[in-house]
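Chemist: Mind looking over this structure? Questions follow.
The values are calculated or read from the model by the stated rules, or taken from the named source; none is laboratory data. Predicted model only: the values in this text are computed from it and were never measured. Glycine gets a Cβ as well: all are built from the backbone with ideal geometry, and neighbour counts include every protein chain shown. Just the protein is used for accessible areas: all its heavy atoms, side chains included, with ligands, DNA and RNA removed. Shrake-Rupley method; radii C 1.70, N 1.55, O 1.52, S 1.80 Å.
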Amino acid sequence: MSGEVTLNKELCHVLSINEMQGEVYSIELQLENHGTFEFFAGQYLSLSLKEESEPAFFSIASRPGLSRVTLHIQADIHNNAAKEIIAELKSVNNSNGLISISYPFGNACLKELPDCPVIFIAAGTGFAQMKGLIDSLHFRNFQHPISLYWGVRKKEAMYMEQIANDWAKEKEQFRFTPIIADIDQIQDTEHHNLLTDSVLLDYPQLSKHLVLVSGSPKLVYSAMDSLTAHGLPKENFFSDVLEYAPRGA
């Protein structure tokens, strides 16, 4: 796939809803016409479940070129909106109904294969975006080193750790570093610093790397400041946060 992808509005079947650990759900969608989803790895979509509600945006956790896409939605006790979304998706699934989606969104994606090592940094369910990107790189036989740093507050929140460990075992060029902060407070951002510190411990000089980050604005901007101070060119730093939460806005 090359060039740009047109923004589409489509109807989808909800094929499956599976609860993983950490109160994270894997949602599988299929286009009503059973066509192929066209997007770039790393992009996201919006769900419109009710006419009166605002669209909800989620990263696509699967690679491009398939007839199905996967989303990861965390619906814990702190997130009533996500719990309502899961309930609505279950209702659509049970009734064999349809939901409306718009896609693709986002410039923190890979429109072509980079010619350099790539570092992925994710906090929590930010892993969803990274999974879509990594699946795509593996499918396209990417030969440069790939490093994934995934940070969570608690061990159980690393809901697809086995998948990442399997990549590390099966792919010679892939490296996985889990970061578990072991903290309870929802507002605590200590794991953000742990993520960036771990990257810099492994890569003190970043002038020849590409970095993609998925997480809160605080994580993204602190990572950008730290990594560019160690040689990462700003044009090699990508995150959707730079678009929807620009610094100083």
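Chemist: Just give me the residues in segment 28-57 being surrounded by 22 or more Cβ atoms within 10 Å (Cβ to Cβ) and under 14 Å from I86 (Cα atoms), in sequence order.
Modeler: Correct list: L29, L47.
Chemist: Sort out which residues of segment 203-249 are on the phi > 0 side of the Ramachandran plot and open to solvent by 40 Å² or more (accessible area, probe 1.4 Å), and write them in order of number.
Modeler: Matches in segment 203-249: G248 only.
Chemist: Considering every residue within segment 12-22, establish whether at least one is part of a strand (DSSP E or B), open to solvent by 40 Å² or more (accessible area, probe 1.4 Å), among the aliphatic types (A, V, I, L, M) and over 19 Å from I163 (Cα atoms).
Modeler: yes
Chemist: Right, here's the next one. Evaluate segment 204-216: report whether one residue or more is of a type in the set (S, T, N, Q), under 23 Å from I60 (Cα atoms) and not in a strand (DSSP E or B).
Modeler: The initial filter retains those residues of segment 204-216 that are of a type in the set (S, T, N, Q), namely 205, 207, 214, 216.
Subset that is under 23 Å from I60 (Cα atoms): 214, 216.
Now restrict to residues that are not in a strand (DSSP E or B): 216.
Taking every residue of segment 204-216 in turn, at least one turns out to be of a type in the set (S, T, N, Q), under 23 Å from I60 (Cα atoms) and not in a strand (DSSP E or B).
Chemist: Among (1) closer than 22 Å to F105 by Cβ; (2) in contact (Cβ under 8 Å) with a residue 24 or more places away in the chain; (3) of a type in the set (D, E), where does D202 come up short?
Modeler: With respect to (1) closer than 22 Å to F105 by Cβ; (2) in contact (Cβ under 8 Å) with a residue 24 or more places away in the chain; (3) of a type in the set (D, E), D202 is out only on (1).
Chemist: From the residues in segment 23-44 that are touching a helix residue (DSSP H, G or I) at 6+ places or on another chain (Cβ under 7 Å) and either of a type in the set (A, V, I, L, M, F, W, C) or free of Cβ contacts under 8 Å to residues at least 40 places away in the same chain (or both), which one is nearest to M160 (Cα to Cα)?
Modeler: V24
Chemist: Additional query: Exactly one of these conditions fails for N33: (1) of a type in the set (S, T, N, Q); (2) in contact with a His (Cβ under 9 Å, 6 or more places away or on another chain); (3) more than 27 Å from S239 (Cα to Cα). Give me its number.
Modeler: (2)
Chemist: Within segment 158-178, does at least one residue satisfy the condition of being touching an Asp or Glu at 6+ places or on another chain (Cβ under 9 Å) and modelled with pLDDT under 95?
Modeler: We begin by selecting, within segment 158-178, every residue touching an Asp or Glu at 6+ places or on another chain (Cβ under 9 Å); these are 159, 175-178.
Remaining after also requiring modelled with pLDDT under 95: none.
Scanning segment 158-178, I find no residue that is touching an Asp or Glu at 6+ places or on another chain (Cβ under 9 Å) and modelled with pLDDT under 95, so the answer is no.
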